[in-house]
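Asks: Sharing a structure with you now.
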Amino acid sequence: MKQLPPDTVRLLSSSQVITSVVNVVKELLENSLDAGATSIDVKLENYGLERIEVRDNGHGIKAADTPVMAVRHFTSKICTHDDLEHLETYGFRGEALGSVCAVAEVTVITKTEEDDVSTQYTLNFTGGIVSKKPSHLGQGTTVNVLKLFKNLPVRRQYYSSTKKCKEELKKVQDLLLAYAIIKPELRLTLVHNKVVLWQKAKVPDHRSALVATLGPGVVVNLLPCHHRQEQPEIFLEGFFPKPGADYSSTSSSHPDKTFIYVNNRPVHHKDIMKLLRQHYTAQYPDDGSRSRYPVLMLSLTVSPSSVDVNLTPDKTQVLLHDKEAVLIALEAFLVSLYGFRPTDDPPALRPLSSETSCVPSEAAWPEEEASLAPTDLFGDADAAVRADAPPDKDWIVNQMPAGSESNASLHDQNDLLSAETNVINKLPEMLEDNASTDERRGQFSAEDWSRGTALTDPVSGRPLQPVSIHQPPQTNVSAPDQALSSPDKKTLNAITEKRATLTAYDLISSRAMRAPLSPAALFEKEARADVLREKPAAGLQDISAAVHERWKNLREEDRKKYEEKAQKHQAQHEQRTKLASAEGPAETTLGTRGQKRKAPPSNQKLLDELFSAQPQKKSGTPAPKPSLPLPCNIPSLRLRLQRLSSQSSAVPRGLRLVNQLASRSAWVILCGQRLMLLNPFRVEEALLFKRLLENNILPAVSLQTPIQLTDGSLGGAEYTKALCSMEKQSPELSGEVFFCDPRLVANGFKVRLIPALPSAERHLEVTAMADCVPFLGVEDLREILTAVLHGKARSVKECRPLKVTNYLKGEAVRLVRQLPASPSRADVEETLRRMERQLGEKNRTCIHGRPFLQHMGDVPSSEEEAREMLRPLEL
């Protein structure tokens, strides 16, 4: 036997830790989170095989730690194995960066708060530093991984197919999705080949994070819940599908939307996943739901000493020391949420001391009582019901599950009383039989009682079922029903019995007129709009509280203005009331109790004519229509008709707004004789993007070390000549000249020309660049010069580099998302006018290539065409 060389050992062990692109992203992402980063950008090239860059704004790496930052088993997370008992970081082994160095080329750029400038380190395959140089980046750490698996050709061959590469890219996005949900304060961006695939902004809470990642249509069906257990200490929280919700909107065919966290760490746990699926699918009788995975977020918090994370290299599987206790607590929580799920195995007798809370959202559901824990219904768990103490009769009857028959009105109270008495009389015998068969059942827990499994049948061993009361069919109408249906007795109606006074309106002369507002109401009407402009995301309660606080702090003279305005409204209202009283009472008043309003005339005759297959014949001779002779000139009338026919034959141009759809995101417009759907937000995106391309100026930030420009870096002497021919400022005293050409300044470049001196030659250098666009550099300046040299570009819009264009697209989308969700009619009309004026007829697509208008159908030009459209199909 021979000892393996150190290089071979290093490569073998590294290939076990770093097995894919997603492993590299996960290790670097967790290092950024451990460094306290709140903004992380992940950029991939060629699906991560050519380049992986992870940039954060964390604390950075101290200069004293940089020599060993990539050496294996050097870490700042733990010192001894005992530190794993109270682990609070994602990483702890010190293997990630060293393993990446063994299978790729790695460079690290880092800067701490104490450092003046950032430093770029180039590492070798052992993790040692080969070279270092200053960099222009800000605080934080940027890790670049180039040529992944360059020395593992078989593993690189695995990604030769496009399908495998796309699957790996999907895994990277799912990984970022998981961390984006558990870290709401984190800003994440995923870029592939200079295209932003996915991004998530900083949000205040987990619900907002779910809305930003999964969408509001999914989160509306999720319910925020939490569950706490003291012994052992277990805390469960998250968002779960609402009981009884449609499983097509609350589940998926893949487990990628079932997020499970243990101490804020995304994990894969088969037992927890199995338990979640069982209780979720048990509420649906359809077999199609059995193979689906619920869309939910479960965050499990336990003591760090009871979790072993060091199981697999990727740390996605954990070992729970109190696994049974965790599963019992989770099952109790799911039972309280979704109800008892019957199984073949007898229920385990488990003591339970926990608190469960489910916060309903906009709509409640029938199982609203399921959010209560067993101890909420029965008090302390120690005060369990004993077998030797028969329950109270009224309590047993009240606790019977309410079914469709037991909740119905009973006609025979004696049958109900006898059924209840039989059940109560048999309870002591049942309890004695259960106590004789098993001593443990002498005292059963509140959990079993709430599930309905505390009392079992001694013969079959199944849980006792509530008594079903059979009702005879109702053939004759009972006496109370006859009394209610008699014509002599008036039927009470909740609507007609209401008072005639309205809340915000007064009835004056048979017309509902708005009552005068108070000074506070007038102020609220004006201040509410100001509060909404300042806080667009505020809720109704927050807006009302802010308006009330402003009214309290209003100055005395401003308060008097609203009081005077309210007095004027009151005087006008009283004057209208006097005029209506002088005219006399109307024929019908709202105050008459039980009086029906006059029904509007029926349109059935017109509908029959429109929808009938054959027009109905009119009975009788129609009455002659009134006519009036008018003097006219036949030749002039013929000429006028020809002009009108020529005008009507031409299709009317322009877009006319019809109405808004119920979805409040699309409008119906009329374009000539075509009905079309308009998405105003796509139009706003295109208009805003066009304006940003033409007018936006990226702010340039000064570089610590200017970047010198040569013919080789720019692409040739002709590019240098084109740059020198651009517009410049007046030379300074030292002879230096700064370029002021809008094509350079608007793209975030500040270029300086230093004239030739006796001791040095003339040269160009970049002194400032925009830092809002990631990876902006000399190659983007070369794009600008290429557009100027070959494309003859003279405007700023024609000289935008690809990175700047993508950045402005993202800014346009971000700004449009801040607009109101339901624009007014005037705003949409103004948007249409700007679209026709600025975009023209050819450019009718948004920045994503989707059309503004969607054709729905054509408006008939004659009555014959309308009848053809309305005529039913003949089968």
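Asks: With over 27 Å from the mean Cα position of the chain (by Cα) and closer than 19 Å to LEU693 by Cβ as the only criterion, which of GLU783, GLU765 stands out?
Replies: Step by step, each of GLU783, GLU765 is checked, and only GLU783 is over 27 Å from the mean Cα position of the chain (by Cα) and closer than 19 Å to LEU693 by Cβ.
Asks: How many residues are loosely packed, with under 13 Cβ neighbours inside 10 Å and either among the polar types (S, T, N, Q) or in the same structural domain as LEU703 (by the TED database) (or both) when one looks only at the stretch 125-160?
Replies: So the count comes out to 3.
Asks: Something else: Restricting to the stretch 259-293, count the residues that are within 28 Å of GLU27 (Cα to Cα) and in contact (Cβ under 8 Å) with a residue 40 or more places away in the chain.
Replies: Within the stretch 259-293, residues that are within 28 Å of GLU27 (Cα to Cα) and in contact (Cβ under 8 Å) with a residue 40 or more places away in the chain number 14.
Asks: Need the failing condition index for LEU492 against (1) modelled with pLDDT of 80 or more; (2) more than 40 Å from the chain's Cα centre (by Cα); (3) open to solvent by 50 Å² or more (accessible area, probe 1.4 Å); (4) of a type outside the set (Ser, Thr, Tyr), just the number.
Replies: It fails just one condition, (1).
Asks: Next question, about the same structure. Which residue out of VAL796, VAL773 is of a type in the set (Val, Ile, Thr), over 22 Å from ARG682 (Cα atoms), in contact with a Phe, Trp or Tyr (Cβ under 8 Å, 6 or more places away or on another chain) and in contact (Cβ under 8 Å) with a residue 60 or more places away in the chain? Before you say what the answer is, go through the steps one by one.
Replies: On the way: VAL796 fails: in contact with a Phe, Trp or Tyr (Cβ under 8 Å, 6 or more places away or on another chain).
Of VAL796, VAL773, the one residue that is of a type in the set (Val, Ile, Thr), over 22 Å from ARG682 (Cα atoms), in contact with a Phe, Trp or Tyr (Cβ under 8 Å, 6 or more places away or on another chain) and in contact (Cβ under 8 Å) with a residue 60 or more places away in the chain is VAL773.
Asks: Kindly indicate whether LYS163 is open to solvent by 70 Å² or more (accessible area, probe 1.4 Å) and charged (D, E, K, R).
Replies: Considered against the rule, which asks whether it is open to solvent by 70 Å² or more (accessible area, probe 1.4 Å) and charged (D, E, K, R), LYS163 comes out as yes.
For every residue, the table says whether it meets (1) open to solvent by 50 Å² or more (accessible area, probe 1.4 Å); (2) basic (Lys, Arg).
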{"position": "ASP246", "(1), (2)": "yes, no"}
{"position": "ASP256", "(1), (2)": "yes, no"}
{"position": "TYR261", "(1), (2)": "no, no"}
{"position": "LYS270", "(1), (2)": "yes, yes"}
{"position": "MET273", "(1), (2)": "no, no"}
{"position": "LEU276", "(1), (2)": "no, no"}
{"position": "PRO285", "(1), (2)": "yes, no"}
{"position": "SER291", "(1), (2)": "yes, no"}
{"position": "LEU296", "(1), (2)": "no, no"}
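Asks: Another one. With the structure loaded, tell me whether LYS170 is of a type in the set (Lys, Arg), modelled with pLDDT of 90 or more, buried (at least 17 other Cβ atoms within 10 Å of the Cβ) and within 23 Å of GLU30 (Cβ to Cβ) or whether it fails that test.
Replies: no
Asks: Let me ask you something else. Of the residues ALA768, ALA812, which single one is open to solvent by less than 30 Å² (accessible area, probe 1.4 Å), part of a helix (DSSP H, G or I), modelled with pLDDT of 90 or more and in the same structural domain as GLU736 (by the TED database)? Spell out the reasoning first.
Replies: Numbers: ALA768 fails: part of a helix (DSSP H, G or I).
It is ALA812.
Asks: While we're here: Which residue pairs have Cβ atoms closer than 9 Å, lie 6 or more positions apart in sequence or on different chains, and pair a first residue in the stretch 306-334 that is free of Cβ contacts under 8 Å to residues at least 12 places away in the same chain with a second residue that is buried (at least 18 other Cβ atoms within 10 Å of the Cβ)?
Replies: Listed by first residue and then by second, the contacts come to LEU311/VAL318.
Asks: While we're here: For the stretch 56-76, does any single residue satisfy the condition of being at pLDDT below 65 and either open to solvent by 60 Å² or more (accessible area, probe 1.4 Å) or under 36 Å from the mean Cα position of the chain (by Cα) (or both)? Working first, answer last.
Replies: First, the residues of the stretch 56-76 that are at pLDDT below 65: none.
Within the stretch 56-76, none of the residues are at pLDDT below 65 and either open to solvent by 60 Å² or more (accessible area, probe 1.4 Å) or under 36 Å from the mean Cα position of the chain (by Cα) (or both).
Asks: Just checking, does the stretch 329-342 include any residue being at pLDDT below 50 and either assigned by the TED database to the domain that holds PHE259 or closer than 28 Å to PRO255 by Cβ (or both)?
Replies: yes
Asks: If I filter the stretch 815-831 down to residues being among the polar types (S, T, N, Q) and under 20 Å from the mean Cα position of the chain (by Cα), which single residue comes out as modelled with the highest pLDDT?
Replies: Filtering the stretch 815-831 for residues that are among the polar types (S, T, N, Q) and under 20 Å from the mean Cα position of the chain (by Cα), the one modelled with the highest pLDDT comes out as GLN818.
Asks: Scan the stretch 134-151 for residues that are modelled with pLDDT of 90 or more and part of a strand (DSSP E or B) and report the count.
Replies: Within the stretch 134-151, residues that are modelled with pLDDT of 90 or more and part of a strand (DSSP E or B) number 7.
Asks: While we're looking at this one, here's another question. Return the residues of the stretch 789-804 that are open to solvent by 30 Å² or more (accessible area, probe 1.4 Å) and in a helix (DSSP H, G or I); say none if nothing qualifies. Steps first, answer last, please.
Replies: Of the residues in the stretch 789-804, the ones open to solvent by 30 Å² or more (accessible area, probe 1.4 Å) are 789-792, 794-795, 797-798, 802.
Answer for the stretch 789-804, where residues must be open to solvent by 30 Å² or more (accessible area, probe 1.4 Å) and in a helix (DSSP H, G or I): LEU789, LYS797, GLU798, LEU802.
Asks: Might you let me know whether the stretch 299-306 holds any residue that is part of a loop (DSSP other than H, G, I, E, B), surrounded by 19 or more Cβ atoms within 10 Å (Cβ to Cβ) and among the hydrophobic types (A, V, I, L, M, F, W, C)?
Replies: As a first pass, look at the stretch 299-306 and keep what is part of a loop (DSSP other than H, G, I, E, B): 302-303.
Those left that are additionally surrounded by 19 or more Cβ atoms within 10 Å (Cβ to Cβ): 302.
Now drop any that are not among the hydrophobic types (A, V, I, L, M, F, W, C), which leaves 302.
Looking for residues that are part of a loop (DSSP other than H, G, I, E, B), surrounded by 19 or more Cβ atoms within 10 Å (Cβ to Cβ) and among the hydrophobic types (A, V, I, L, M, F, W, C), one finds at least one in the stretch 299-306, hence yes.
Asks: Could you tell me which of the residues ARG743, ARG752, ARG762 is in contact with a strand residue (DSSP E or B) (Cβ under 6 Å, 6 or more places away or on another chain), farther than 25 Å from ILE109 by Cα, open to solvent by 20 Å² or more (accessible area, probe 1.4 Å) and among the basic types (Lys, Arg)?
Replies: Working: ARG743 fails: in contact with a strand residue (DSSP E or B) (Cβ under 6 Å, 6 or more places away or on another chain); ARG762 fails: in contact with a strand residue (DSSP E or B) (Cβ under 6 Å, 6 or more places away or on another chain).
The unique qualifying residue is ARG752.
Asks: Conditions: (1) under 40 Å from the mean Cα position of the chain (by Cα); (2) charged (D, E, K, R); (3) modelled with pLDDT of 80 or more. ARG664 meets all but one. Number of the miss?
Replies: (3) is the only condition that ARG664 fails.
Asks: Among what's in the stretch 307-328 and is assigned to a helix (DSSP H, G or I) and more than 30 Å from SER20 (Cβ to Cβ), pick the residue that is most open to solvent (accessible area, probe 1.4 Å).
Replies: GLU324
The values are calculated or read from the model by the stated rules, or taken from the named source; none is laboratory data. Everything numeric in this text was worked out from a predicted model, so none of it was measured. Cβ coordinates were reconstructed from backbone atoms using ideal geometry, including for glycine residues, and neighbour counts include every protein chain displayed. When the accessible area is computed, the model is the full protein with side chains, heavy atoms only, and any ligands, DNA or RNA have been set aside. Shrake-Rupley method; radii C 1.70, N 1.55, O 1.52, S 1.80 Å.
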